[in-house]
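The structure appears right after this line, and notes come after that.
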Amino acid sequence: MQSVGIYEAKSRFSALIELVEQGEEVRITRHGKEVVRMLPVRRRPVITDEQIARELGQIDALHATVRPAVGADTPDTLRRKGRSAA
């Protein structure tokens, strides 16, 4: 990441665009405060397909361990009770 002031950004705009095209993030500041962030249009995904598959596998494993409490009403039982009370 590169941070430049407005005056320098104006002077080096083409060079900064080239940096962004190469994947670099450029921040433009005014009086030390960030006012513009230039990012490449095409970025690599934040999470890979392998990470997604691993996370989904962990969710499935968690679902397999969750069981209703002994003696607890099932969703169907609760639904029937609710309908009969109406």
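The values are calculated or read from the model by the stated rules, or taken from the named source; none is laboratory data. As the structure is a computational prediction, the values presented were derived from the model and not from experiment. Cβ placement follows ideal geometry from the backbone for every residue including glycine, while neighbour counts extend to all protein chains displayed. The accessibility values were calculated without ligands, DNA or RNA, using every heavy atom of the protein model including side chains. Shrake-Rupley method; radii C 1.70, N 1.55, O 1.52, S 1.80 Å.
The strands (runs of 3 or more DSSP E) falling completely within region 2-67 that include 3 or more residues that are surrounded by 13 or more Cβ atoms within 10 Å (Cβ to Cβ) map to 2-5, 26-30. With respect to the conditions (1) charged (D, E, K, R); (2) open to solvent by 100 Å² or more (accessible area, probe 1.4 Å); (3) modelled with pLDDT under 95, D73 lacks only one, and its number is (2). Taken together, the criteria place R79 among residues that are surrounded by 10 or more Cβ atoms within 10 Å (Cβ to Cβ), in a helix (DSSP H, G or I), of a type outside the set (S, T, N, Q) and at pLDDT below 90.
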